[in-house]
C-alpha cells in the first residue's frame, strides 16, 4: 500500500499541490499536517503515517524536506520505516531508489542539505531580529500600561500605595505593578 504524507509549515499555507502529487502516485491513504518542519517531534500525522506502514508498504512524500529538515530526523524516519519492513519514496527525487544503499545515502545527503537550509533560515531570522533590536524595535507582548500610566503607578508606589490597589485601579494585575518597581 502507498501511504502519503503531506506537510506545510503554517495554517495559511496550502496542501493541495502535495495532495495532488500523492494521489497521482497512487496513495490510498494520505496523512496531512500543518506544523513547523524544524523537528519530527510533535508531528502526530507523520507518526500515524509511519505507524500505519506494514511490510512492503511505501511511505510516499512529495518532497523530502516536507518530511524532515534535519539529517538526524531523516535517519530516524528511514530507520522507523525500515523497521516496519517498508520503503520510502520521494516524488521530487524519482532517481532515488531507497531500496539500495546508494539511494539511502543520497537521501541522507538531501536530509543534510535540508538541515543546512533550516540553519540558514534560522540564522537569517536571528540577524533580522538583531537589526530590528538595534533600531529600537521591541519584541514580545505590547506593554499593558502607557508611559503616563507607568509614571503614575511609580508615583503611587513611592507614596506607599500597595501594588494590589494600584493594579485594581488601573485594570492590571498587581504583578504588572510589582515589575515596575523592580
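Specify which of the listed residues (69, 80) is buried (at least 20 other Cβ atoms within 10 Å of the Cβ), touching a helix residue (DSSP H, G or I) at 6+ places or on another chain (Cβ under 8 Å) and assigned by TED's automatic domain parsing to the domain that holds residue 103.
Working: 80 fails: buried (at least 20 other Cβ atoms within 10 Å of the Cβ).
Exactly one residue qualifies, and that residue is 69.
Which of the following residues is assigned by TED's automatic domain parsing to the domain that holds residue 71, over 18 Å from residue 83 (Cβ atoms) and surrounded by 14 or more Cβ atoms within 10 Å (Cβ to Cβ): 15, 53, 46?
Matching residue, one of 15, 53, 46: 15.
If residue 56 meets every condition in (1) in contact with a strand residue (DSSP E or B) (Cβ under 7 Å, 6 or more places away or on another chain); (2) modelled with pLDDT of 80 or more apart from one, which number is that one?
(1)
The values are calculated or read from the model by the stated rules, or taken from the named source; none is laboratory data. Here the structure is a predicted model, which means the values were calculated and not measured. Please note: Cβ atoms are built from the backbone with ideal geometry, for glycine as well, and neighbour counts cover all protein chains shown.
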